[in-house]
Amino acid sequence: MENSTIISLKDIVVEFDGESVLRHINLDIRNHEFVTLLGPSGCGKTTTLRIIGGFVNPKSGDVFFDGKRINDLPPYKREVNTVFQKYALFPNLNVYENIAFGLRLKKVPDEEIRERVFEMLDLVNMRGYERRDVNLLSGGQQQRVAIARALINKPQVLLLDEPLGALDLKLRKEMQIELKKIQRETKITFIYVTHDQEEALTMSDTVIVMRDGEIQQIGTPIDIYNEPINAFVADFIGESNIIDGIMKKDYLVNFAGRDFDCVDFGFAENENVDVVIRPEDIKISEPEKGQIHGKVESIIFKGVHYEIVVIDTNGFNWKIHSTLYEEPGREVGLSVIPDDIHIMHKMAEEEK
Amino acid sequence: MTKSRYPAFPYIVFMAIFIVIPLIMVAYFAFTTNTGEFTIQNIIRVGDYVPVIIKSLFLAFVATVICLGLGYPFAYIMSRKTSNIRRTMFMLIMLPMWMNFLLRTYSWMTILENNGLLNRFLGIFGIGPFEMINTQGAVVLGMVYDYLPFMIVPLYTVMMKMDHSLVQAAQDLGADPFQVFTHVILPQTMQGIKTGITMVFVPSVSTFVISRMLGGGSELMVGDLIEMQFGSNNYNPNLGSAISLVLMIIVLICMSVMNQFDSDNIDKEGRIAI
Ligand SMILES: Nc1ncnc2c1ncn2[C@@H]1O[C@H](COP(=O)(O)OP(=O)(O)OP(=O)(O)O)[C@@H](O)[C@H]1O
Ligand SMILES: [Mg+2]
C-alpha cells in the first residue's frame, strides 16, 4: 500500500467571524508524499494545516486520517507534528530540551533521548548549540530548532508552515535539500506551506495552489507549470504575460491584433479567453521577422537573464526574459511558437 | 555609562534616606538598651514570643495559599476574556481597594459578629448562631479579602504576556491538558506566582489591624506585638525593633527558600522537572 491516502479533507468549510476562510476544500494526501500548499498571503494555507493539526474546528466537513474520521480528536492525540510559522519554541527551555520535549512527554529513557536529540542537532546543523538559550538564537536557528523538535517524534505526517521563511537564500537552499533528503529517507508525509513558488516547484511531489480559501489546481510541479488551469495559477507559478484573446476556432486564437496558431481546442467559437505566455518563451527578433511589433521600454539585469519590457503597437506590456541585451527605445519583433501559447477559460468575474 | 549616572543620583539619595537609614536605625535600636548601650538582651527576649511568630507565619501561609488557589484560576480566566470583560473584571477586583483599609476590615466585623449580618441571616433559617468573629478563620478571611488583589494583579500581568501559541505547540507534541499546565503554563507564570506570594505573604505576616479587629484580643499576631512595643503603656522601642529585625530575617529566609525551590527544579539540562 505504497500510495494509500493518509489524510483526506472532505468539503471543509471554515469561517472566522462570519468571514469564510476555507470554502469547500476537498483534498486527498497520499502517504509518503511531499505535498506543498502554495498561495498568496491570507489564502488559508495556515488554516488548512491547523485543520489537520486539530487546532481549528471546521464549520462543516470531515477530516480523515488513515481512513478514520478525526474531527473530534484533540491535537495531542493526533499522529501529526507541526513546525509552526512563528516557531513557538519554549522560552524556558534550552535548545536540547526544546527538541527533547515530545520524547520527554512520552517518557522515553534519557539515553535514547540523548541519542536522538544529537541526531537531530546534526541533521539541522545545530550541533554545539544544545545548551543555548533559545531566546538568544537568530530567527534561522530558531526555525531549525522548531524543525528538529517536530521531526524527532517521527510522526506519520509532518506539517511545515513556511519553515524556511526566516533563512537567507544560501541557507534556505541548503535546508531545502536537507528537508527533501529527510523526507525521502524517513518517508514521512510532508505537508509544506510556502508562498515561494520556486521552493514549491523544486521540492514537491504534488503542488496545491490555493486562492481565497479555494483550491485552484492540484498537480505535479511540471503539470502546474506547463499546464496551469487558469490565469491566476499561471501568474502565481512563475511570471506570465496574460492577455485577453478570442478563440476563433480550434487551434486558432486571436490576440494582440492578429491570429495565432495554437495547440488548444474545445473552446466555444469566439469565446473570450486568457492567453498566457511565459516571459522566457518569447523570442526577440528584427521588427520585420516578428509576429508582434513593439518597442523596448526598459531592461533590468536579473542575474541569469535580462528582464525586458516591450510595449507593442496596441499598448500591451510584454515581459520577456532573454540572455541578450536590447537597447531601450529599439524597435523589435516578438514571436512565440504554438506550443508556448496557453489558452485559459476566463475566470468568472466574481473570482477576480 | 557616565551619562546615566546623573539621573540616578536623586534615587540613590532617596533610597539612602528612606530605606537604608531606617534599616540601620532598626538594627541599632535592636542591639541597644534604652540608654544606648550595646546588648543582645532584646534579641534573646524575642525568644519568648516564638509561639506568636509561628502562629503569624502559619496564618499568613494559609492566607497566601488560599489567595493563590483563588487568584490563579481567576487571573487565568480573566486573561482569556475579551478586553471589555477583562476591564470590568479588573475594576471589580480593584474597587474594594479604593475603600479605606480600616473600613473594609470593619465591615467584615459587622458581618461576622455574633449578632452580625451573617448570623442574623442564617437565623432566619434557624441555623446558628456561629462563633465566627474572634477566630483564626476570621483573621485569615480578612487577610485573603484584603490581599487577594495583590495576588491577582501580578498573576494577571504575566498571564496577559503569556504566549498561547506555546500551548498549541505543546499539544502538538503530545501534551495532554495536565502536561500543558505543568510544562507550559506553570513555567511561564512562575514569576507572577513568586511576586504574588511575596506581595501577599509579607503584609499578612506583619498585619496587626486585621488580627485585632477580626481576631479580637485573643489572636495576637506578631504585628500586634510590635505595635504594642511602640504603644503608650509599655513603650519599648528596643524590643519592638528586635522583633521587627527577627521577623524581617525570617521573611527573607522564607523568600529565598522559595526562590531556591524554583531553581532547584531545573536540572543540569535546564529542564523543569515537575
Ligand atoms: N483565528 C482567526 N480569527 C480570525 N481570522 C482569522 C484567524 N486565523 C486566520 N484568519 C483569517 O483567515 C484568513 C486565512 O488565514 P491563514 O493564516 O490561513 O492565511 P495564510 O495562507 O497562512 O497566509 P500567510 O501566507 O500570510 O501565512 C486570513 O484572512 C486571516 O485573517
Ligand atoms: Mg500562514
Is the C-alpha gyration tensor of the protein assembly as shown telling us rounded, prolate or oblate? Criteria: a/c under 1.5 is rounded; beyond that, a/b larger than b/c is prolate, otherwise oblate. prolate
Between segment B:32-66 and segment A:201-264, the alpha-carbon center distance in angstrom: 86
With point charges of +1 on the Cβ of Lys and Arg and -1 on the Cβ of Asp and Glu, referenced to the Cα centre of segment B:1-86, which listed residue (B:Ile66, B:Ile21, B:Ile53) lies farthest in the positive direction of the dipole? B:Ile66
Amide H of A:Val273 versus every other amide H placed in the peptide plane: which residues, excluding those fewer than 5 positions away on the same chain, fall under 5 Å? A:Gly245, A:Ile246, A:Met247
Work out from phi, with θ = phi - 60° and the Karplus expression 6.51 cos²θ - 1.76 cosθ + 1.60, the ³J(HN,Hα) of each residue of segment B:212-226, listed in order in whole Hz, and give x for Gly and Pro. 6, 6, 9, x, x, x, 6, 9, 4, 10, 5, x, 4, 4, 5
Percent relative contact order for segment B:108-206, counting Cα pairs under 8 Å at least six residues apart, stands at 26
Just in segment A:272-352: which chymotrypsin sites (Phe, Trp or Tyr not before Pro) are loop by DSSP and have at most 15 other Cβ atoms within 10 Å? A:Tyr325
Rank A:Thr202, A:Thr48, A:Thr189 by mean-square fluctuation in a GNM of chain A with C-alpha springs under 10 angstrom and give only the top-ranked residue. A:Thr202
At most 16 other Cβ within 10 Å, DSSP loop - trypsin sites (Lys or Arg not before Pro), segment A:268-335: A:Lys302, A:Arg330
Is segment B:204-258 best put as rounded, prolate or oblate by its Cα gyration tensor, with a ≥ b ≥ c the root eigenvalues, rounded for a/c under 1.5, and otherwise prolate when a/b is larger than b/c, oblate when not? oblate
Across segment B:35-41, in residue order, what do the Karplus-derived ³J(HN,Hα) couplings come to in whole Hz, using 6.51 cos²θ - 1.76 cosθ + 1.60 with θ = phi - 60° and x for Gly and Pro? 9, x, 8, 5, 7, 10, 4
Identify all lysines with a Cα-Cα distance to B:Lys161 below 22 Å; exclude those on the same chain that are fewer than 8 residues away in sequence. A:Lys86, B:Lys81, B:Lys194
Quick one: which residues, 5 or more positions from A:Gln216 or on another chain, have an amide H under 5 Å from its amide H? H modelled 1.01 Å from N in the peptide plane, none for Pro or chain starts. A:Val209, A:Met210, A:Arg211
Give A:Lys77/A:Lys106; A:Lys107/A:Lys154; A:Lys295/A:Lys319; A:Lys154/A:Lys181; A:Lys45/A:Lys77 a once-over and call out the pairs whose C-alpha atoms are over 18 Å from each other. A:Lys45/A:Lys77
Where does each of A:Thr323, B:Thr198 land when they are ranked from fewest to most other beta-carbon atoms within 10 angstrom? A:Thr323, B:Thr198
Whole Å is fine, so just give me how far the alpha carbon centre of segment B:198-261 lies from that of segment A:9-32. 63
Contact order normalised by length for chain A, with contacts defined as Cα pairs under 8 Å and 6 or more residues apart; what percent is it? 15
Go ahead and estimate [θ] at 222 nm for the protein assembly as shown from helices alone: -39,500 (n - 2.57) per DSSP H run with n ≥ 4, summed, over the residue count, rounded to 500. -14000 deg cm²/dmol
Taking chain B as a Gaussian network, where each spring joins two C-alpha atoms under 10 Å apart, which residue of B:Phe201, B:Phe90, B:Phe125 fluctuates the most? B:Phe125
In Å and on Cα atoms, what radius of gyration and Dmax does chain A show? 24.1, 77
Principal axis extents for segment B:11-266, Cα atoms only, whole Å, descending order, please. 70, 56, 32
Dipole of the protein assembly as shown [Lys/Arg +1, Asp/Glu -1 at C-beta], most positive-end residue of A:Tyr325, B:Met190, B:Leu102: B:Leu102
How much net charge surrounds A:Glu297 when only other residues with a Cβ under 15 Å from its Cβ are counted (Lys, Arg +1; Asp, Glu -1)? -2
Mean separation of Cα pairs under 8 Å and 6+ residues apart, divided by the residue count of chain B: what relative contact order is that in percent? 26
I want to check the label-to-label distance for B:Tyr11 and B:Ser107. Put each point 7 Å from Cα in the C-beta direction and report it in nm to one decimal. 3.6
Spherically averaged projected area of segment A:241-351 from its Cα convex hull (nm²): 7.4
Magnitude of the Cβ-charge dipole (Lys and Arg +1, Asp and Glu -1) of segment A:30-138 about the Cα centre, nearest 20 debye, reported as 440
Would you work out the charge dipole size for chain A about its Cα centre, treating the Cβ of every Lys and Arg as +1 and the Cβ of every Asp and Glu as -1, and quote it to the nearest 20 debye? 1760
Quick query: amide H of A:Glu297 versus all other amide H atoms, modeled in the peptide plane; which residues come in under 5 Å with a sequence gap of 5 or more or a different chain? A:Val309, A:Val310, A:Ile311, A:Gly329
Any aspartates and glutamates with Cα under 20 Å of the A:Lys248 Cα? List them, leaving off those in the same chain fewer than 8 positions away. A:Asp259, A:Asp261, A:Asp264, A:Glu269, A:Glu271, A:Asp274, A:Asp339, A:Asp340
Expected vector for segment A:135-151, Karplus 3J(HN,Hα) from phi with 6.51, -1.76, 1.60 and θ = phi - 60°, integer Hz, x for Gly and Pro, equals 5, 9, 7, 6, x, x, 5, 4, 4, 5, 5, 4, 5, 4, 4, 7, 5
Could you point to the residue in B:Pro154, B:Phe208, B:Ile127 farthest towards the positive end of chain B's charge dipole, with +1 and -1 charges on the Cβ of Lys/Arg and Asp/Glu respectively? B:Pro154
Can you pull out the GluC sites (Glu not before Pro) in segment A:212-306 whose DSSP state is coil and whose Cβ has at most 11 other Cβ atoms within 10 Å? A:Glu269
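Every number in this text was worked out from the coordinates using simple rules, so none of it is lab data. These figures come from a predicted structure and were not determined experimentally. All Cβ positions, glycine included, derive from the backbone under ideal geometry; neighbour counts span all protein chains shown.
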